[in-house]
Amino acid sequence: MRDRSHGGVNEEEAVEAAERELRRTQSPQFRQNRHPFLIGVAGGTASGKTTVCDRIMQRLHDQCVVMLSQDSFYRTLTPTEMALAKENNYNFDHPDALDRKGMMECLQKLKEGRSVEVPVYDFALHARVEETRRMDPADVVIVEGILVLAMEEVRDQLNMKIYVDTDDDVRLARRIQRDVASRGRDVASVIEQYTKFVKPAFDTFIGPSRRHADIIVPWQSSENVVAIDLITEHIRLKLRQHDLIRIYSNLEVMPSNFQMRGMHTILRDRDTSPNDFVFYADRINRLLVEAGLGHLPFREKTVMTPTGHKYTGVEFARGLCGVSVIRSGEAMEAALRECCQGIKIGKILVHRHGKSEDIVYEKLPADISRRYVLLLDPVLGTGNTACKAIQVLLDKGVQESKILFLCIIAAPPGIHRVCQTYPQVKVITSEIDTGVDENWCVVPGVGEFGDRYYC
């Protein structure tokens, strides 16, 4: 009889592993850790929003994409409103015509990785029907509707905001064709409604919402293929990134490659010698500092080369200093000095006892309020120490937008804490770990960084 386990796992073990993975991916914890990429697509009536959404979904065929339409969330009209609607005297283009609370509940559930039951609205009856449409979690959620960018609560949930811009005459012609064919209306009533409600609502709510858009897509009779390609490539890039990067614009993770992964493997290995630990920690610190310096402002400068020709480049920003969180942060000072000759470096000591932290010692440059600050701490765990240190800098007059927090390893709790509390502080790390255990240790982690670095 042939040994089915030859060369690795046998069939029974493979089935068990597949079942475990299925249970894991279907568990509430897994779904809640998924953070879909949310896209809002707005524009005037009949501007081509649905076509743009369809083209994006077609380009992202290798991803799981769902579309949530604003049209599903029109309210069932009251008897008085129903009478007005029958007389073509009700404004469906006003935000008050929508069940905004219900729309936000569905959007929030999808964002949390949960399935939702989306209502179905009948435009001929001006009411919701009893049936609903089930929508499962997805990698990308497209929210489409004329008022998507006009509603602040919806807008704040979006990772990308798109406005489809189409000529008014083209939109009117398309609306007449659509409403007559699919919504049971005659041409006269469509034009009357457009003049009385649609155009004023566009001028008041929809048109002005284009200022909130990240991308404005001109969409006339021919499709804007270039815009769709650029949008989908950007989405693919974001989907390849860690979920937390989609949530926080002030978080940056250095690009991963085999060199970086190899150095992290050496650092995390408990059997790594002290000399090797210091050597590779210094290498990562140098790369991390270089990444941080890349976010500082530069100005153009022209110099004369030894050949007598001009070279136009950039000049480093003035007014920079470093601040290390004692004592692990001091291990990053050498890399900063190598990159910035003669840089001033301050120090902050935070004492942790239980769940609380106290500032025990601080020594900072006297003019720190006028400087950009690179805050150094190799491991970001719960974020409590980092927030204490950042608050010290703010109390000294440093602008929040001028603080860059550099760490080799960051755990999600710390990222959430720092990025939410200080949304203008730039957090730069080389790798995001799984989490923090019951002993407040980052896992898989690197152990006590200061102890290992200083032996």
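The values are calculated or read from the model by the stated rules, or taken from the named source; none is laboratory data. Since this is a predicted model, take the numbers as computed values, not measurements. Cβ atoms come from the backbone with ideal geometry, glycine included; neighbour counts cover every protein chain shown.
Of all the criteria given as (1) among the aromatic types (F, W, Y); (2) modelled with pLDDT of 85 or more; (3) within 28 Å of L60 (Cβ to Cβ), the one not satisfied by W219 is (2). The selection criterion, being among the acidic types (D, E), farther than 24 Å from T434 by Cβ and assigned by TED's automatic domain parsing to the domain that holds V446, does not hold for D377. Just checking, does region 233-255 include any residue being over 29 Å from the mean Cα position of the chain (by Cα), surrounded by fewer than 18 Cβ atoms within 10 Å (Cβ to Cβ), at pLDDT below 95 and among the hydroxyl-bearing types (S, T, Y)? Within region 233-255, not a single residue is over 29 Å from the mean Cα position of the chain (by Cα), surrounded by fewer than 18 Cβ atoms within 10 Å (Cβ to Cβ), at pLDDT below 95 and among the hydroxyl-bearing types (S, T, Y).
Taking region 417-434 as the range and being surrounded by fewer than 16 Cβ atoms within 10 Å (Cβ to Cβ) and not in a loop (DSSP other than H, G, I, E, B) as the test, the residues that pass are Q420, T421. Residues considered: L84, L110, L98. Of these, the only one that is in the same structural domain as S182 (by TED's automatic domain parsing) and at pLDDT below 90 is L84. The residue that is farthest from I368 (Cα to Cα), among those in region 390-408 that are without any contact (Cβ under 8 Å) to a residue 60 or more places away in the chain and aliphatic (A, V, I, L, M), is I390. Of the residues screened, C387 is not one that is within 16 Å of N250 (Cβ to Cβ), assigned by TED's automatic domain parsing to the domain that holds D282, in contact with a Ser or Thr (Cβ under 8 Å, 6 or more places away or on another chain) and assigned to a strand (DSSP E or B).
Of all positions in region 107-122, none carries a residue that is in a strand (DSSP E or B), out of contact with any Ser or Thr (no Cβ under 7 Å at 6 or more places or on another chain) and among the hydroxyl-bearing types (S, T, Y). Evaluating K363 against the criteria (1) within 20 Å of A331 (Cβ to Cβ); (2) surrounded by 14 or more Cβ atoms within 10 Å (Cβ to Cβ); (3) of a type in the set (K, R) leaves one unmet condition, (2).
Here region 150-175 is the region considered, the condition is being assigned to a helix (DSSP H, G or I), modelled with pLDDT of 90 or more and surrounded by fewer than 19 Cβ atoms within 10 Å (Cβ to Cβ), and the residue that is nearest to the chain's Cα centre (by Cα) is R155.
Take the conditions (1) part of a helix (DSSP H, G or I); (2) within 21 Å of V143 (Cβ to Cβ); H264 misses just one of them, which is (2).
For the criterion of being charged (D, E, K, R), at pLDDT 90 or above and within 23 Å of G294 (Cβ to Cβ), E362 fails.
Results for (1) hydroxyl-bearing (S, T, Y); (2) assigned by TED's automatic domain parsing to the domain that holds V65; (3) touching a Pro at 6+ places or on another chain (Cβ under 6 Å); (4) in contact (Cβ under 8 Å) with a residue 60 or more places away in the chain, shown as yes or no for each residue.
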position: V143; (1), (2), (3), (4): no, yes, no, yes
position: D156; (1), (2), (3), (4): no, yes, no, no
position: N159; (1), (2), (3), (4): no, yes, no, yes
position: T166; (1), (2), (3), (4): yes, yes, no, yes
position: D203; (1), (2), (3), (4): no, yes, no, no
position: I206; (1), (2), (3), (4): no, yes, no, yes
position: V217; (1), (2), (3), (4): no, yes, no, yes
position: I231; (1), (2), (3), (4): no, yes, no, yes
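If you go through region 140-149 and keep only what is in contact with a Lys or Arg (Cβ under 8 Å, 6 or more places away or on another chain) and outside any strand (DSSP E or B), you end up with G145, I146, V148, L149. Evaluate region 322-333: report whether one residue or more is basic (K, R) and within 16 Å of L393 (Cα to Cα). Scanning region 322-333 turns up no residue that is basic (K, R) and within 16 Å of L393 (Cα to Cα).
Condition first: touching a Gly at 6+ places or on another chain (Cβ under 9 Å), of a type in the set (F, W, Y) and not in a loop (DSSP other than H, G, I, E, B). Can you find one or more residues in region 368-377 that meet it? Among the residues of region 368-377, at least one is touching a Gly at 6+ places or on another chain (Cβ under 9 Å), of a type in the set (F, W, Y) and not in a loop (DSSP other than H, G, I, E, B), which makes the answer yes. Cβ-Cβ distances below 7 Å connect the following pairs, each with a first residue in region 362-383 that is within 19 Å of I415 (Cα to Cα) and touching a residue at least 60 places away in the same chain (Cβ under 8 Å), a second residue that is crowded, with 22+ Cβ neighbours inside 10 Å and of a type in the set (F, W, Y), and a separation of six or more residues or different chains: P378/F449; V379/F449. Inspection of region 64-86 identifies at least one residue that is of a type outside the set (D, E, K, R), surrounded by fewer than 16 Cβ atoms within 10 Å (Cβ to Cβ) and touching a residue at least 60 places away in the same chain (Cβ under 8 Å). Meeting the requirement of 3 or more residues that are of a type outside the set (S, T, N, Q) and crowded, with 16+ Cβ neighbours inside 10 Å, the strands (runs of 3 or more DSSP E) wholly within region 268-357 are 320-326, 344-353. Set side by side, the residues A46, A42 differ, and just one is closer than 30 Å to V190 by Cβ and modelled with pLDDT under 90, which is A46.
Could we say that L84 is within 30 Å of V180 (Cα to Cα) and part of a helix (DSSP H, G or I) here? Yes; evaluated as a whole, the condition is true for this residue.
Scanning region 77-107 for residues being more than 34 Å from the chain's Cα centre (by Cα) and of a type outside the set (D, E) gives a total of 13.
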